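Computed from the coordinates by the stated procedures, all read-outs in this text should not be read as laboratory data. Keep in mind the model is a prediction, meaning the values are calculated, not measured. Glycine also receives a Cβ, built like all others from the backbone with ideal geometry; neighbour counts cover every protein chain displayed.
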Amino acid sequence: MIHFVGAGPGAVDLITVRGQKLLEAADQIIYAGSLVNPALLENAKEGCRCLDSAGMTLEEVIAAMAEGEGKGWLTVRLHTGDPSVYGAIREQMDILSKMGIAYDVVPGVSSFSAAAATLKAEYTLPGISQSVIITRMEGRTPVPEHQKIADYAAHQATMVIFLSASLLDGLQRELLRGGYAPDTPAAIVYKASWPEEKKFSCTVATLSETAQREGISKTALIVVGRVLGREYERSLLYHPAFSHGCRKAQPQTQTYGDHREGTEK
Ligand code: SAH
């Protein structure tokens with residue numbers, strides 16, 4: 001059986017318990033070496049075959065899986081973060097289905113969650129943004145029509161932009177063209193959760209110069225939106241004046257007010 005496992009964003013203790021157990025039981029681990037922390041392989045059992053997929057084609061990955069299957073091995077296909085985000089797992093799963101090879105998927109902590117954690121940010125704030133757009137700049141992989149950065153920027157929602165750290169000039173231009181104000185807060189998070197993690201706060205207008213100054217051109221996420229700013233409204237869920245299934249309103253309670261102002265992220 002093949003288990004697609006999310007390795008988490010980098011820190012070895014951010015893999016799930018289920019993922020860790022499978023890694024320890026695996027006879028073969030095929031890992032995305034460009035981003036998966038190699039320390040995760042240290043708990044593999046003796047004799048486990050570890051293959052770095054960075055230098056392999058889809059065909060070679062499938063051949064290794066099929067070989068393992070023939071030998072009755074447990075194979076872990078280890079993808080960075082959560083496999084459902086830019087993981088290229090669909091094509092592997094479809095071929096395995098055709099070949100009659102069983103597989104399942106173990107989710108992982110995506111780097112976009114790790115970036116929020118290190119920024120101590122909440123992507124969805126009442127009155128500011130109730131949506132998160134996960135996207136990328138068009139590079140050698142084309143982006144379908146109507147799904148360009150400027151199209152999404154028009155929504156003024158929170159954006160988390162993957163795979164674009166080397167394209168920040170263009171990204172900045174597209175964000176501005178799409179309608180973000182130049183002073184909209186932004187952040188660059190490099191290697192979230194790794195020991196060498198770095199984070200920089202800036203604005204949409206200073207994204208490119210910040211990355212250049214700090215020498216960031218890969219393995220980074222760009223977070224954009226007013227959720228990184230100071231102002232927001234408090235949640236209704238915990239508001240004394242608000243009733244819901246688990247709690248009755250307490251209208252008499254003294255409140256902290258509805259409009260909140262915190263520190264910029
Ligand atoms: N499935 C992964 C994403 C793979 S695409 C996930 O869920 O996180 C690879 C891109 O993800 C990188 O170019 C970078 O933009 C981002 N990325 C992956 N790990 C990261 C990390 N620890 N910190 C910041 N960005 C990261």
Between the range 89-167 and the range 236-263, what is the separation of their alpha carbon centroids in Å?
33 Å
Per DSSP H run of n ≥ 4, the term is -39500 (n - 2.57); total these for the chain, divide by its residue number, and report the mean residue ellipticity at 222 nm rounded to 500 deg cm²/dmol.
-7000 deg cm²/dmol
With a ≥ b ≥ c taken as the square roots of the eigenvalues of the C-alpha gyration tensor of the range 102-157, please select rounded if a/c is under 1.5 and otherwise prolate if a/b is larger than b/c or oblate if it is not?
oblate
So, in nm, how far is label Phe242 from label Ser201 when the simple model puts each one 7 Å beyond its Cα toward the Cβ?
2.5 nm
Residues whose built amide H sits under 5 Å from the amide H of Ile134, excluding neighbours closer than 5 in sequence, are Val160
Past 20 Å, Cα to Cα, is the threshold; run Lys45/Lys98; Lys148/Lys198; Lys120/Lys191; Lys191/Lys218 against it and keep the listed order.
Lys45/Lys98; Lys148/Lys198
Anyone know which of Thr184, Thr16, Thr57 comes out most mobile in the 10 Å Cα GNM of the chain?
Thr57
Relative contact order as a percentage, the chain, C-alpha pairs under 8 Å and 6+ apart, gives 18 percent
Ranked by Cβ crowding within 10 angstrom, fewest neighbours first, how are Asp258, Asp82, Asp151 ordered?
Asp258, Asp151, Asp82
Once amide hydrogens are built 1.01 Å from N within the peptide plane, the residues lying 5 or more places from Cys50 or on another chain with amide H under 5 Å from its amide H are Ile29
Starting from the amide H of Val106, placed 1.01 Å from N in the peptide plane, find each other amide H under 5 Å away whose residue is 5 or more places distant or on another chain.
Phe4, Val5, Gly6
